Amino acid sequence: MSVLQLPETGPLAFLKGHKLGLGTPAFIKAHFDAWTATQAIWVDVVSATSFGGVQGSLLGALMGSMSQMTASAPGAAGNPAQLMSLGTPFQQARNFAVMTGVNAGISTLMRRVRGVEDVQNALVSAFGSGVCFSLVSGMGKPGAQPGSGTANPLMAAFSAGVVFALFQGAFYKLGERFAGGSRAVDDDYVKVKAMLDTLGMSKYERNFKKGLLEDRTIGLWDSSSLAEVRVPPGPRLLILDHVDQYRHLLKPAGPLPRG
């Protein structure tokens, strides 16, 4: 009796069919981002929030450990009580996980809903992360900071959100200025960009945009269409081979079955 086996799709299928190497993390991340961009919005948001939270927790734990070492070191500069008031490594890991996770989640949601990534997304996500960071860390509680009196947690959270948004907006504009233009990302080329980055052919991204070879056209690419946008024969063959190997990853996911 034969068992019907459905084709595997998504990141797990990619991992099973690819050998691990030194460049694997970036390679997997590019494919995973391309895959989540084709899924339902909640999948992309949950994924971004989870990755952001993990990164923040590692950073917070490191900073908390360094604060404890500094406070307990003989002849340490500064007030040890003030350094310890920042929290234990676990507390800082929690606080930073919330801050970076919320920031990444809101930013991804805004990008998927609005279709662009701009300073407005940065402001909203930074405000949300600042509010959540203040609430979870207890910045507005009486005595949370040395020398502080009675404070309103909600007002402290709002103030933190505003400060976070102002800093994030300023950094975004500075980065945009140094980058020499707008950093808006067109969602029509998410998979194309991820593919070219994976293959080390980012320099041809402009060619694809000039030829309007967006994500929806990937399944229709052939040698002549890539030649028309002036992609050389060698890279052209590698791109087409990549499309054939991972064609199942480049398709949007179907709707969830209803019970």
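Using the 2.2 N^0.38 Å rule of thumb for compact globular proteins, work out how the stretch 189-250 stacks up: its C-alpha Rg over that value, please. Intermediate values should be presented prior to the final figure.
Numbers: Rg = 10.1 Å, N = 62, 2.2 N^0.38 = 10.6 Å.
Dividing the Cα Rg of the stretch 189-250 by 2.2 N^0.38 Å gives 0.96.
Compare 110, 66 by solvent-accessible area with a 1.4 Å probe and give them largest first, with all protein chains kept in place.
Numbers: 110 35, 66 105 Å².
Most to least solvent-accessible, the answer reads 66, 110.
How far, in nm, would the chain grow between residue 223 and residue 91 when pulled straight, counting 0.36 nm per residue and subtracting the alpha carbon separation? Could the numbers behind the result be given before it?
Values: separation 132, 0.36 × 132 = 47.52 nm, distance 5.54 nm.
Working it through step by step, the gained length comes to 42.0 nm.
At 7 Å along Cα-to-Cβ for each site, give me the label-to-label distance between residue 216 and residue 177 in nm.
3.8
Leaving ligands, DNA and RNA out of it, report the carbon-plus-sulfur percent of the accessible area of the stretch 189-250 at a 1.4 Å probe.
Values: 1850 of 3440 Å².
Taking all protein chains in place, the stretch 189-250 shows 54 percent carbon and sulfur surface.
Quick check on packing: order 48-56, 122-130 by the mean number of other C-beta atoms within 10 Å, highest mean leading. Present the calculation step by step, with values, prior to reporting the outcome.
Details: 48-56: 19.6, 122-130: 23.1.
Averaged packing, sorted descending, gives the order 122-130, 48-56.
For the stretch 189-250, what does the accessible surface come to per residue with a 1.4 Å probe? Please give it in Å². Kindly include the intermediate steps, with their values, before the conclusion.
Working: 3440 Å² over 62 residues.
Result: 56 Å² per residue.
Gain in length, residue 241 to residue 154, computed as 0.36 nm per residue apart minus the alpha-carbon separation, to one decimal in nm? The partial results should precede the final answer.
Working: separation 87, 0.36 × 87 = 31.32 nm, distance 5.54 nm.
That works out to 25.8 nm of additional length.
The values are calculated or read from the model by the stated rules, or taken from the named source; none is laboratory data. Keep in mind that what you see is a predicted model, and the values were worked out from it rather than measured. Using ideal geometry, Cβ is built from the backbone for each residue, glycine included, and neighbour counts are taken over all protein chains shown. Only protein heavy atoms, including side chains, enter the accessible area calculation; ligands, DNA and RNA are left aside. Shrake-Rupley method; radii C 1.70, N 1.55, O 1.52, S 1.80 Å.
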